[in-house]
Ligand code: ASP
C-alpha cells in the first residue's frame, strides 16, 4: 500500500486518465444529495474529490461520515472537470478525482474553530496551535521564515562566515534585560543565566582567530512582552575581525537584500541611508524613525528665545510638528493626552486656518513677528509644540509624529524605508540608579578622539554603535568593539563598576583581551522582527510557531508550571510561598 502517489496540489490535466492515490485533510465536504465533493488538502494545496454512489457505493458510505479535518486516503481516477466547473484560481482547478476507494485514516473531533474563520481569539489559536498552524496564513508565514533563514545562511556562507554554536547556559550577559536563571542540580544554590546574546563568546571567537563568525541563535531576555518582543527570539549574530564600520554594514545589507530576493521581491536600494543619532532624534524624535513619511520636527528654540510666552522663552528646546490639517479641539485634546503619557506637561498648538487666521490659546502671548516666523507654507495647518529639555521634547514629539503618521494615513505603504542610525552616545544617565549606564552594552567601542571624555564628560562620548531600522522597527544593533583591556576597564569604571565586580563578572574576558585581541566588530539582526515585517505582520507572534502570550505563558503546554517538591529539593530551592498561593 502506498499513502500517496502525488501530493494534492500537484495534480494537473496531464494526469487525466491516471489512477492515483492521494492523502490529506478534508478541507471541506459538500453533500449534493448523492454526489459528495471533498476538497482534499495537504501542504501543497487542494484537490477536489468526487464520490459518486453509483461508481463507488462503499466509498460513498465513508464519504457520508467525513467531517472537516478528517485525514483521508483516496484512490481514484483523474478526470477533466466539466467546462463550467473549472476553477481558474486553483492550480488543480481543471481536474478532479473520481473516487473508487475512500478510507478515513484519522478522524477529528468537532473543531474549536474553523480553519477559515476570521478573528479567532488569540488564546484559542495558541491553545490549539496545531490547528492554527494548519491555516494558510501560518503556513505561509513559517515557510517564508524558513526561506529567509536559508537565504541568510547561504549569503553568510558565501561571505566566508563560519557558523559556530555557543551555549545557552552561561553567565549573565549585559544586554539591558533581566536574565532567566537556571538552577543546577549538581551545584545547589548556583545558577546559570540563559544567554541574552552570545556577545562575549563571539568576541572571544575573534580573539581565537576565527575572523568571521555567524550564528542564527536563540536569545533569552526576561522583559515585558510586546508586539516585537518575546522571552526567546532568534538573532542573526555575527562578528568580524579587523573591520571598518562600513564592512559590517555591508554584510547586513547583503543579508537583507538576499532575503528580499529569495522571496522574489525587489531588494531595497543599497547603501541604506546612514543618519546620526543626533540627527534622527532632532528630526524624528526617535532612534528608530519610520521614514515612510515626512512630518519632520522643526526647531523654534532660537525664534522664541525672547518670547513673551514664558513656557517657550524658558525652555531649553522648543520644537514643533507641522500637521497639514486644521485639527479640531477634540483631536488636539486627544493628542495632548498622548503627549502627557510620554512625559509632556501639555501640548501647545497654533492652528493656521485656511484663511490664514491663527487660532490658539497661546496666540495672544506671541508677537506678530513670531507668528509670522512660524507661519507654515500651507494654510490649513496645525503646529504642535514641545517645550522642555531636548530629550523630553524628542520623546514626546516622536510619539506624536508616529501616531499621526498612522492616524492621518501619511505612511507610504509602497515604500520600504531602511536606514542605519550611527554615532549613538556611549552612555546615558539613569535617573533610577543615579549613575551612567550604557546605551547598547559595555563592550561598545568609543569614537576615536572621544576617549578623554569618558571621565570628564561621559554624556558627550559618542560610541561606534549602529542600529538597523526598517519602517520604524529596530531590526538590530551592533558596534565596533573595545579590543584593549585598559579601555574596557575605563568603561567599566565609568559605569560605576568596581575593579572587583568587573573581575568577578567579566574576568575571563578581561584576561582574553590581554592575549592578542584583534580589532573587531559585529551585529545582531532580530530574525523574528525581520520576518514579521517581510510577512506583513504587525506582531512577531504571527511568525513564531509556539510563542508566549503577553503575560508570558504558553496556552498550548500550560507552561510555566509549578515544580514538584522533590525536584525543588534536589535543586536546593525552597519557595517563599507554597505552590498555588500566587506571588
Ligand atoms: N549583542 C548585541 C545584541 O544582542 C548585538 C551586538 O552588539 O552584536 O543586541
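A few remarks follow.
- Seen against the Cα atoms of the chain and their longest principal axis, helix 329-341 is set at about 80 degrees.
- For segment 460-583: rounded, prolate or oblate by the Cα gyration tensor [a/c cutoff 1.5]: oblate
- Here r is the Cβ-Cβ distance between residue 408 and residue 171 and R0 is 41 Å; the resulting FRET efficiency, rounded to 0.05, is 0.25.
- Distance histogram in 20 Å bins (all Cα pairs of the chain, percent per bin): 16, 38, 32, 13, 1
- Degrees, to the nearest 10: 245-262 long Cα axis against longest axis of the chain: 20 degrees
- Estimated distance in nm for a label pair at residue 150 and residue 64, the labels positioned 7 Å out from Cα along Cα-to-Cβ: 4.5 nm
- Segment residue 178-residue 109, extension gain: residue separation times 0.36 nm, minus the distance between their alpha carbons: 20.6 nm
- Full extension of the segment from residue 269 to residue 121, taken as 0.36 nm per residue of separation minus the current Cα-Cα distance, would add 49.4 nm.
- Amide N of segment 183-198 lying under 20 Å from the label point, which is placed 7 angstrom from the Cα of residue 232 along Cα→Cβ: 183-185, 191-198
- 0 to 90° range, to nearest 10: angle between helix 136-158 axis and the chain longest Cα axis: 60 degrees
- Using the Cβ-Cβ distance between residue 364 and residue 299 with R0 set to 35 Å, the FRET efficiency from 1/(1 + (r/R0)^6) comes to roughly 0.90.
- With the simple model of a label 7 Å out from the Cα in the direction of the Cβ, residue 451 to residue 191 spans 3.8 nm.
- With neighbour counts taken as other beta-carbon atoms within 10 Å, the residues 37, 492 rank, fewest first, as 37, 492.
- The simple Förster model, with R0 at 56 Å and r as the Cβ-Cβ distance, assigns residue 7 and residue 428 a FRET efficiency of 0.50.
- The relative contact order of segment 308-380 comes to 33 percent, based on Cα pairs under 8 Å that sit 6 or more residues apart.
- For the pair residue 570 and residue 81, label points projected 7 Å from Cα toward Cβ lie 5.8 nm apart.
- Overall form of segment 422-512 per C-alpha gyration tensor (a/c, 1.5; a/b vs b/c): prolate
- Taking a ≥ b ≥ c as the square roots of the eigenvalues of the Cα gyration tensor, segment 1-103 is rounded, since a/c falls below 1.5.
- Contour minus Cα-Cα distance for residue 341 and residue 163 (0.36 nm per residue): 59.7 nm
Readers should treat all values here as calculations from the given coordinates under stated rules, not as data from a laboratory. Just so you know, these numbers come straight off a predicted model, no measurement behind them. Methodologically, a virtual Cβ is constructed for each residue, glycine included, from the backbone with ideal geometry; neighbour enumeration extends over all protein chains shown.
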